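Trainee: What follows is a structure written as structure tokens; I'll ask about it next.
The values are calculated or read from the model by the stated rules, or taken from the named source; none is laboratory data. Just so it is clear, the structure is predicted and the values come from calculations on it, not from any experiment. Cβ: placed from backbone, ideal geometry, glycine included. Neighbour counts: every protein chain shown. All accessible areas refer to the heavy atoms of the entire protein, side chains included, with ligands and DNA or RNA removed. Shrake-Rupley method; radii C 1.70, N 1.55, O 1.52, S 1.80 Å.
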Amino acid sequence: MRTYPLEEKVRIEKVIHACALCYVGMADENGIPYVLPMNFGYEDEIIYLHSAQEGHSISILENNPNVCITFCTHPELMWQDEDMACSYRMRADSVICNGKVNFEEEFDEKVKALDIIMRHYSDRSFSYSNPSVKNVKIWKVAVEEISAREFGVPSKNIFQYKDRTIF
Ligand SMILES: Cc1cc2nc3c(=O)[nH]c(=O)nc-3n(C[C@H](O)[C@H](O)[C@H](O)COP(=O)(O)OP(=O)(O)OC[C@H]3O[C@@H](n4cnc5c(N)ncnc54)[C@H](O)[C@@H]3O)c2cc1C
């Protein structure tokens with residue numbers, strides 16, 4: 001099994017668009033890491049997230065807005081020899097982004113952000129009530145650094161493959 005860096009922007013963004021979730025890592029004032037699974041939207045090198053107005057993550061981000069956001073496509077189990085544990089691998093693509101969270105407070109910009117998040121999950125268009133826009137916290141993360149890898153790419157004609165869902 002081989003791991004390849006992905007360089008092409010289009011290919012990297014394809015990985016992001018293929019993910020249903022991202023994992024948002026932050027660090028509190030003592031350097032203790034805190035990682036949350038979150039839904040997201042992505043457009044023009046900006047990651048859009050939304051949350052409640054308060055919570056542990058908001059307290060952390062108000063002191064330290066730096067985040068590391070990881071995306072990973074749905075993994076598939078593969079192996080070279082079904083009887084050899086060390087030949088088992090996962091096949092998936094992943095992307096790691098670094099940036100800073102900026103909270104968007106402007107009403108129309110919040111609606112745009114919600115539209116971008118919803119577009120990631122649905123082709124429908126949506127409207128939002130005033131209180132639901134006011135009460136939501138919108139996080140915008142302009143990507144400052146990005147890296148991507150294909151993991152577990154099988155060598156040609158060597159590995160057996162079984163389509164199996166991993167949870
Ligand atoms: C598939 C999925 C998608 C999600 N999408 C979103 C999203 O788009 N926006 C959003 O705001 N939230 C989302 N969540 C929930 C998110 O992961 C957090 O639980 C939530 O944001 C509250 O985080 P908080 O820091 O405010 O925690 P608080 O409500 O302040 O919770 C306090 C404590 O509870 C524990 N805790 C909090 N969250 C989790 C968790 N997920 N798992 C285990 N323990 C936890 C931690 O120890 C934390 O310190 C999603 C969760 C899942 C599983």
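Trainee: Among the residues of the stretch 103-112, are any in a strand (DSSP E or B) and either closer than 18 Å to residue 15 by Cα or at pLDDT 95 or above (or both)?
Mentor: Within the stretch 103-112 (the criterion being in a strand (DSSP E or B) and either closer than 18 Å to residue 15 by Cα or at pLDDT 95 or above (or both)), the answer is yes, since at least one residue qualifies.
Trainee: Considering the stretch 22-45 alone, what residues qualify as being surrounded by 15 or more Cβ atoms within 10 Å (Cβ to Cβ) and touching a residue at least 40 places away in the same chain (Cβ under 8 Å)?
Mentor: Residues satisfying the conditions are 22, 23, 24, 25, 26, 39, 40, 41, 42, 43.
Trainee: So residue 96 fits all but one of (1) within 26 Å of residue 152 (Cβ to Cβ); (2) within 16 Å of the ligand (Cβ to nearest atom); (3) part of a strand (DSSP E or B); (4) open to solvent by 10 Å² or more (accessible area, probe 1.4 Å); what number is the exception?
Mentor: It is condition (2) that residue 96 fails.
Trainee: Quick check on the stretch 13-27. Is at least one of its residues within 15 Å of residue 97 (Cβ to Cβ), within 16 Å of the ligand (Cβ to nearest atom) and touching a helix residue (DSSP H, G or I) at 6+ places or on another chain (Cβ under 6 Å)?
Mentor: Within the stretch 13-27 (the criterion being within 15 Å of residue 97 (Cβ to Cβ), within 16 Å of the ligand (Cβ to nearest atom) and touching a helix residue (DSSP H, G or I) at 6+ places or on another chain (Cβ under 6 Å)), the answer is yes, since at least one residue qualifies.
Trainee: Out of all the residues in the stretch 80-89, is one or more in contact with a Pro (Cβ under 9 Å, 6 or more places away or on another chain) and open to solvent by 40 Å² or more (accessible area, probe 1.4 Å)?
Mentor: yes
Trainee: If residue 57 satisfies every condition in (1) surrounded by fewer than 15 Cβ atoms within 10 Å (Cβ to Cβ); (2) among the polar types (S, T, N, Q); (3) without any contact (Cβ under 8 Å) to a residue 40 or more places away in the chain but one, which is the exception?
Mentor: All conditions pass for residue 57, except number (1).
Trainee: Filter the stretch 63-84 down to residues that are outside any loop (DSSP other than H, G, I, E, B) and away from the ligand (no atom under 15 Å from the Cβ), then give me how many there are.
Mentor: Count: 6.
Let's see how each residue does on (1) of a type in the set (Val, Ile, Thr); (2) within 14 Å of the ligand (Cβ to nearest atom); (3) not in a strand (DSSP E or B):
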residue	(1), (2), (3)
7	no, no, yes
31	no, no, yes
35	yes, yes, no
57	no, yes, yes
61	no, yes, yes
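Trainee: Continuing with the same structure: Go through the stretch 1-21 and give me each residue that's in contact with a Ser or Thr (Cβ under 7 Å, 6 or more places away or on another chain) and either open to solvent by less than 50 Å² (accessible area, probe 1.4 Å) or of a type in the set (Asp, Glu) (or both).
Mentor: Residues satisfying the conditions are 15, 19.
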